[in-house]
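Here the structure is laid out as structure tokens; the discussion comes afterwards.
The values are calculated or read from the model by the stated rules, or taken from the named source; none is laboratory data. If you're wondering where the values come from, they're calculated on a predicted model, not measured in any experiment. Don't worry about glycine lacking a Cβ; one is built from the backbone with ideal geometry, like all the others, and counts go over all protein chains shown.
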Amino acid sequence: MNLDVAQKPSLTDKQIRLKQRLKRAYLGAIVPIAVLIAWQVLGQSGIISSLLFPTPMRIISAGIRLIQTGELYENIKISVFRAISGFLLGGTLGLAFGIFVGLFRRTERALDPTVQMIRMVPHLAIAPLFILWFGIGETAKILLIAKGAFFPLYINAFLGIRGVDNKLFDVTRVLGFSKWKQVIRLTIPGALPHILLGVRISLGVSWLGLVVAELMGSTSGIGYMMSDARQFSKTPVVFVGILIFAVFGIAADSAVRGLERKWLSWQDSYKGH
């Protein structure tokens, strides 16, 4: 009997959290649904150009055709592989360099000016060099994505480490922590909010870099599919590509936000009214 009474609050908490998530989902869906309805009505009535802005139903039909032919699946598979490979390469290096530069001031003075200079070079400016150095194969595309993914994690890891309260280091020294234990038990956990923010930004930049990479003489991928459709005025296919990028970008961002809720539950931060 006591067991049942003890379990009821946890069930109530779960129901409350579920209602809150559903409420957020409903609120987030209001604007997109209203825009889609207005878009469909304006397109069918001829108020907006069907060539420039095909109706949502035409876009859905184009997506179904691409699924039926298998073209969409093949292009998504290739694009996802490129984006993940570039993100893992650039993000891992960015995190490592950010931690290293954040921990040691001499390393900051030696490396940070060069890194910041490279960061200011736009993707489109460096793309021709990547083609010249690595050709138009997968290597150039993955490295271009990695370049974009590197800097958000580098900067946020650096800022996160430098933002850890210095008094906590005094406490760890009193407790007899070694340098390695300080990094593992204090520095990394303290910098984790910034690092996870860097992961979210790096994932977004990876998808942006993917578009640029797939315009570099590519013969496959969502970016190539969109470019090819644009040349033949297949505007619905272009919108299908945009939708694919948006869906995968939101899914990746939501996954990292889920990790934030799980790993940063100890934070007592402002949630908004």
Next item on the list: Please find, among 239, 248, the residue that is surrounded by fewer than 19 Cβ atoms within 10 Å (Cβ to Cβ) and aromatic (Phe, Trp, Tyr).
Entry: 248
Notebook entry, point to check: Is the stretch 220-229 home to any residue that is surrounded by fewer than 21 Cβ atoms within 10 Å (Cβ to Cβ), closer than 20 Å to residue 91 by Cα and not acidic (Asp, Glu)?
Noted result: no
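Per-residue answers, yes or no, for (1) outside any helix (DSSP H, G or I); (2) closer than 22 Å to residue 78 by Cβ; (3) at pLDDT below 90:
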position	(1), (2), (3)
121	yes, no, yes
124	no, yes, yes
132	no, no, yes
140	no, yes, yes
149	no, yes, no
152	no, no, no
156	no, no, no
159	no, no, no
Next item on the list: Given the conditions (1) in contact (Cβ under 8 Å) with a residue 60 or more places away in the chain; (2) assigned to a helix (DSSP H, G or I); (3) surrounded by 13 or more Cβ atoms within 10 Å (Cβ to Cβ), report the number of the one that residue 136 does not fulfil.
Entry: (2)
Check: Within the stretch 76-107, which residues are part of a helix (DSSP H, G or I), more than 25 Å from the chain's Cα centre (by Cα) and either under 30 Å from residue 237 (Cβ atoms) or free of Cβ contacts under 8 Å to residues at least 12 places away in the same chain (or both)?
Finding: 105, 106, 107
Check: Can we say residue 169 is in a loop (DSSP other than H, G, I, E, B) and either farther than 30 Å from residue 247 by Cα or of a type in the set (A, V, I, L, M) (or both)?
Finding: no
Margin query: Against the condition closer than 30 Å to residue 232 by Cβ, among the hydrophobic types (A, V, I, L, M, F, W, C), in contact with a helix residue (DSSP H, G or I) (Cβ under 6 Å, 6 or more places away or on another chain) and assigned to a helix (DSSP H, G or I), how does residue 37 come out, does it pass?
Written below: no
Margin query: Considering only residues that are more than 12 Å from the chain's Cα centre (by Cα) and surrounded by fewer than 24 Cβ atoms within 10 Å (Cβ to Cβ), which ones fall in the stretch 196-217?
Written below: 211, 212, 215, 216, 217
Notebook entry, point to check: Can you tell me how many residues in the stretch 86-129 are more than 17 Å from residue 198 (Cβ to Cβ) and surrounded by 19 or more Cβ atoms within 10 Å (Cβ to Cβ)?
Noted result: 1
Notebook entry, point to check: What are the residues in the stretch 54-70 that are closer than 17 Å to residue 245 by Cβ, buried (at least 16 other Cβ atoms within 10 Å of the Cβ) and β-branched (Val, Ile, Thr), if any?
Noted result: 59
